Every structure is written in C-alpha cells, then in structure tokens.
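Scroll down for the structure; my scribbles are underneath it.
The numbers here are math on the coordinates, done by the rules we state, and not lab data. Remember, predicted model here, so these are calculated numbers, not experimental data. Cβ atoms come from the backbone with ideal geometry, glycine included; neighbour counts cover every protein chain shown.
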Amino acid sequence: MLAKRYVFMYKKVVKAIALLPILMVNSGFLTTNSSNSPNAISNLLIPPAGAVQLRDGKTYFVQLPTFLEAETTINRTYAGGATYYFAIALPKNMGEPLQNLEIFQTEGFDTVDFILNDTVAYLQTPSGDRVAVNSKTELVPNQDRGKLTVTFDPPIPANNELNSKLIVGLRPVRNPRYDGVYLFGVAASPQGDRPNSQFLGYGRLHFYNPRH
C-alpha cells in the first residue's frame, strides 16, 4: 500500500514538472521572443523596478509607446513650409526612458528630404499645455531611403505622471513632387548602451496635386 502511494506521488511530481513551461508562458514569465533562444531564461536578469535588461546589456521597454497618427500642415505637392507631425502616446510606465525615435520613409513615388536642424518636439498634456523637449535630428543613410533619428536630451522620463503625449514635427525641404500616399515607419528606442528598437507603426500622409 505504501509503495503504491509513493508511485502515485512520483507521477504527480513528474506531471507538475512537465506543465511548468506552459504555466510560465501563461503567467508572463516567458515571452514570444524567448522562444528563439534556448538560453533566454538564463540570460534574463532580475530587473530593478520597471526596467528590463538582459545580461548582454540590451534594454527593453516594459510598456511600449503607442503611435497615434501623422499629419501634415500642407498637403499640396511640392509645396514649401510644411511640417509633418507624428504623435506618440506614452504609457504610464515605460520601464526605461525614451532615448530616441526613428522615422523612415517606406512608400511614395518621391523621396522626401528634411531640414535636420528644424525639428520641433514637445510633450502635450490633455489640457493642451506644451512642454518643449530638446532634441537632435540626424540622418542615417541606408540602402533604400535615409532614416531620421530624433534623439532626446535628456531622454523622455519613463513615468508619465502628467498623462502627456509626445509630438515630433519634421520639416521637409519641400513636399514630394508626385501625389499619392506616403508612408513613414516609426520606431522607438529606450535609454541604454544597447537599446532594443521597437517598431510602433506607420504614419500615412496623402499629398494632392492642385492641378488635378
């Protein structure tokens, strides 16, 4: 009788061990990214309050910013003096400060060039108040079209106590020559020596030819 009891207990322990990975996934201990790396659990350090950092030094957001919309002040083709605004909703706690945004054109019949030293950035509260944010815009060449990196100095705080959203305005040299839909990808990177860039979404701008 005692032997049967030990066998029964042994089977329960084996079953519990087998279910452990499933329980960890359902409870949030494992993410979809960790499935690509067998050593992901051993690499993950116990983070300080809110921060996510791997042993290799990469930093991640706890809660991602959300891309809201893009709009232009002038939608006529080849017009000057326009500003392209990109609105980003900031969560209550990103876990890590927001170091920079990457904005890159992915669709359109013409390549849009920007005035790098004329970028505007500010935090806007629900009441409409604006707090200017110091930033620097750089052009990073790539194989297709250039990518703009807007770096905030200091970085945007991780805790959004004022429930504000981030607005970044890029000023093109001119609007594109050809009408149609132009898409701009937006990605965000946290503060850190090895930040993990996260894609947020696409901004859609539509330009019209006034002669048509």
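Principal axis extents for region 75-136, Cα atoms only, whole Å, descending order, please.
39, 24, 20
Under unit Cβ charges (Lys, Arg +1; Asp, Glu -1), what dipole magnitude, rounded to 20 debye, does region 62-207 have relative to its Cα centre? Show your work: numbers first, answer last.
Numbers: 12 positive and 15 negative charges, 34 e Å.
Magnitude of the dipole: close to 160 debye.
Which value in nm describes the separation of the simple spin-label points at Val120 and Ala89, placed 7 Å from the Cα toward the beta carbon?
2.4
Once every Cα of region 77-212 carries one equal point scatterer and solvent is ignored, give the base-10 log of I(q)/I(0) from the Debye formula at q = 0.11, 0.18 Å⁻¹, two decimals.
Reported log10 I(q)/I(0), two decimals: -0.41, -1.03.
Once amide H atoms are placed 1.01 Å from N in the peptide plane, what residues at a sequence separation of 5 or more from Phe114, or on another chain, have their amide H within under 5 Å of its amide H?
Val173
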